[in-house]
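The values are calculated or read from the model by the stated rules, or taken from the named source; none is laboratory data. Note that the structure is predicted; figures quoted are calculated from it, not measured. Heads up, the Cβs are rebuilt from the backbone with ideal geometry, glycines too, and the neighbour counts pull from every protein chain shown.
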Amino acid sequence: MVNFSLQSVYGIALLLIYLKINLSVTGNPSCDSGYIENCTSCDPGTYANESGVDCYCCQVFGQCKIDSLCVPCARGYYNPASQKTSCVPCEKGHYANVTGKQECDGCEAGYITNKTGSFECQPCAEGEFQNKTKQSSCNKCDPGGYQNKTGQEECLRCDTGHFSNHPGSTGCTACTEGEYQNITGQTNCLKCSPGYFQNQKAQAECSMCKIGTFSKEEGSPKCEDCQKGEFQNVTGQSSCDQCHPGSYQNSTGKSLCEPCQITHYCKIFGCHDCKPCPAGTYGNQTGLVDCLACPAGSYSPSTPSGVTQCTECPIGHHNDKKNQSSCVTCDSGTVCNKTGCINCDPCPEGEEADGRGLSECAKCQPGTYKTAAGPSLCQECPDGTYNTNSGSQTKQDCLLCPEDKFCPSSGDSPQPCPASAYCPAGSSDPEFCNTLLKPNKIKMTCEVTSSFIVVMSVIGIVVLVIGVFVTYRVRRYYRLRAGQPDREPLTKSGTHVYTGL
């Protein structure tokens with residue numbers, strides 16, 4: 001089918017009308033030579049143009065001198081019979097796209113013409129259709145259908161994943177994320193159910209949330225990851241489950257929880273991380289809800305990662321309670337000679353532990369003793385006694401230092417008394433006499449020597465002389481002040497023994 005523009009058709013029609021009017025106004029041609037005989041009738045699809053002498057002057061209208069002078073009907077017109085002087089315009093729904101048509105053709109399905117004299121049919125616009133021929137109008141597509149081409153006999157059903165909700169649609173709208181449509185020709189989309197999602201447009205179905213994810217609401221465009229401390233091991237779920245005590249999950253989007261690693265525990269639901277066993281406890285297996293208590297005689301310190309077993313208290317230490325982070329040092333007077341002591345043992349009589357954290361008792365040193373078992377230390381022997389044995393259990397083991405001996409240390413044997421001193425029984429130090437005295441080892445005292453007597457006599461004379469001299473000088477001083485002679489016999493007798501200086 002040859003297409004011509006509508007303006008061209010209008011132009012030709014106006015030209016023909018103009019010529020016809022002009023001819024009728026100015027009058028028909030003159031037949032001065034007379035009418036023409038034996039003219040030929042114009043065939044169907046043509047007409048005799050009476051504006052020319054060769055047709056007008058024929059005795060019969062619709063004839064021309066020769067058939068070549070007959071004018072074919074213009075496009076958009078037809079002539080079903082012979083011997084006509086004009087052509088008829090095509091009715092609505094019909095067209096003539098070539099000249100000389102005896103009848104107009106009906107518009108095909110999908111095409112229309114809504115005016116007479118058409119030389120072509122117009123295609124139905126997008127969103128319209130016409131399933132019959134020879135029609136002057138198109139029909140709009142119903143909701144749920146569309147047509148995106150012109151000149152179509154029918155509308156198309158919207159594909160799955162699409163919809164149209166108004167008549168005359170030129171295309172279908174894709175279902176958005178979170179929606180679907182699994183039937184063709186629909187006017188709306190459906191929302192994905194909880195536990196399902198759709199992250200693309202124009203889909204015929206929703207997808208189930210995979211394990212480790214969930215969707216809570218209708219129309220979800222995506223599934224959310226299970227949070228830390230949660231899991232989901234089934235597809236198509238609307239929520240996640242919390243990790244049970246003894247397990248944890250420190251990542252998102254997981255399908256299971258991990259058991260607490262060894263030396264760790266979790267007491268509650270929904271743990272993100274398990275905590276290390278605290279001081280005084282231990283964990284020797286996975287999945288612990290609570291850590292195990294260290295028994296008495298052992299301990300565990302606080303560490304960043306916990307411990308798998310408790311440590312026995314070292315030698316010299318003890319622990320009489322459980323859940324302890326350290327052991328207690330044995331006090332002075334008690335000992336522990338093995339690991340894992342719950343209590344420290346007191347030293348027996350004759351033995352002591354002179355310090356903290358000792359593993360064994362030591363025998364009392366020479367010069368000491370201990371009379372009863374217990375935490376007390378060995379006692380020193382009294383001054384003036386001695387004991388050269390170790391491990392003494394009674395005070396009677398401390399012996400009195402003998403006469404003419406002294407005992408500076410209770411743990412050593414008695415020492416001989418020096419010649420310049422005397423030492424009674426029970427002496428811890430010798431009793432030394434002065435230089436001018438001598439010891440009496442029988443009486444246990446110091447006695448005067450001849451040298452001591454001479455020295456004391458000389459000292460007495462010197463003291464006497466000094467006294468007389470001082471007395472004289474004092475008396476002289478006072479006499480001089482009183483105006484008396486400064487010289488006078490020292491005695492009142494007539495014999496002059498000494499008159500002074």
THR435 passes all but one of (1) of a type in the set (Val, Ile, Thr); (2) free of Cβ contacts under 8 Å to residues at least 40 places away in the same chain; (3) under 26 Å from GLU351 (Cβ atoms); which number fails? (3)
So GLU91 fits all but one of (1) under 21 Å from GLN122 (Cβ atoms); (2) buried (at least 18 other Cβ atoms within 10 Å of the Cβ); what number is the exception? (2)
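Here's the yes/no breakdown for (1) assigned by TED's automatic domain parsing to the domain that holds GLY117; (2) of a type in the set (Asp, Glu); (3) modelled with pLDDT of 50 or more:
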residue: LEU14; (1), (2), (3): yes, no, no
residue: SER24; (1), (2), (3): yes, no, no
residue: GLU50; (1), (2), (3): yes, yes, yes
residue: VAL53; (1), (2), (3): yes, no, yes
residue: LEU69; (1), (2), (3): yes, no, yes
residue: GLY93; (1), (2), (3): yes, no, yes
The condition of being closer than 25 Å to THR308 by Cβ and either modelled with pLDDT of 95 or more or in contact with a strand residue (DSSP E or B) (Cβ under 9 Å, 6 or more places away or on another chain) (or both) holds, among LYS191, LYS275, only for LYS275
Residue match in the range 103-112 (condition: among the aromatic types (Phe, Trp, Tyr), more than 60 Å from the chain's Cα centre (by Cα) and under 30 Å from LEU156 (Cα atoms)): yes
Criterion first (surrounded by 15 or more Cβ atoms within 10 Å (Cβ to Cβ), more than 24 Å from ALA353 (Cα to Cα) and not assigned by TED's automatic domain parsing to the domain that holds ARG356) does CYS398 satisfy it? no
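For every residue, the table says whether it meets (1) assigned by TED's automatic domain parsing to the domain that holds ALA74; (2) out of contact with any strand residue (DSSP E or B) (no Cβ under 9 Å at 6 or more places or on another chain); (3) buried (at least 22 other Cβ atoms within 10 Å of the Cβ).
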| residue | (1), (2), (3) |
| --- | --- |
| GLN102 | yes, no, no |
| GLN130 | no, no, yes |
| LYS140 | no, no, no |
| TYR146 | no, no, yes |
| GLU153 | no, no, no |
| LEU156 | no, no, no |
Leading residue by the ranking (modelled with the highest pLDDT) among those in the range 478-493 that are loosely packed, with under 11 Cβ neighbours inside 10 Å, assigned to a helix (DSSP H, G or I) and not small (Gly, Ala, Ser): TYR478
Given the structure, is SER457 among the hydroxyl-bearing types (Ser, Thr, Tyr), more than 30 Å from THR329 (Cβ to Cβ) and modelled with pLDDT of 90 or more? no
Consider GLY229 against the criteria (1) surrounded by fewer than 17 Cβ atoms within 10 Å (Cβ to Cβ); (2) touching a strand residue (DSSP E or B) at 6+ places or on another chain (Cβ under 7 Å): it satisfies all of them except one. Which criterion is unmet? (1)
Could you tell me whether any residue of the range 183-198 is of a type outside the set (D, E, K, R), over 30 Å from LEU156 (Cβ atoms) and outside any loop (DSSP other than H, G, I, E, B)? no
For residues in the range 243-264 being touching a Gly at 6+ places or on another chain (Cβ under 7 Å) and farther than 28 Å from THR303 by Cα, which is surrounded by the most Cβ atoms within 10 Å (Cβ to Cβ)? LYS254
Scanning the range 361-395 for residues that are surrounded by 16 or more Cβ atoms within 10 Å (Cβ to Cβ) and on the phi > 0 side of the Ramachandran plot gives GLY367, GLY384, GLY391
Which of the residues that make up the range 428-446 are assigned to a strand (DSSP E or B) and touching a strand residue (DSSP E or B) at 6+ places or on another chain (Cβ under 6 Å)? GLU431, PHE432, LEU437, LYS438, PRO439, ASN440, CYS446
So, of the residues in the range 288-306 that are assigned to a loop (DSSP other than H, G, I, E, B) and surrounded by 22 or more Cβ atoms within 10 Å (Cβ to Cβ), which turns out to be farthest from the chain's Cα centre (by Cα)? GLY297
ALA362 being among the hydrophobic types (A, V, I, L, M, F, W, C), closer than 23 Å to THR329 by Cβ and within 60 Å of the chain's Cα centre (by Cα): yes
So, first residue hydroxyl-bearing (Ser, Thr, Tyr) in the range 84-102, second residue surrounded by fewer than 18 Cβ atoms within 10 Å (Cβ to Cβ) and in a loop (DSSP other than H, G, I, E, B), Cβ within less than 8 Å, six or more apart or across chains; the pairs are THR85/PHE61
In the range 265-283, which residues are among the hydrophobic types (A, V, I, L, M, F, W, C) and crowded, with 20+ Cβ neighbours inside 10 Å? CYS266, CYS271, CYS274, CYS277
Consider the range 166-184. How many of its residues are more than 24 Å from PHE197 (Cβ to Cβ) and surrounded by fewer than 16 Cβ atoms within 10 Å (Cβ to Cβ)? 4
Could you check the range 415-427 and list, in sequence order, the residues that are part of a loop (DSSP other than H, G, I, E, B) and either under 23 Å from LYS370 (Cβ atoms) or among the hydroxyl-bearing types (Ser, Thr, Tyr) (or both)? SER420, GLY426, SER427
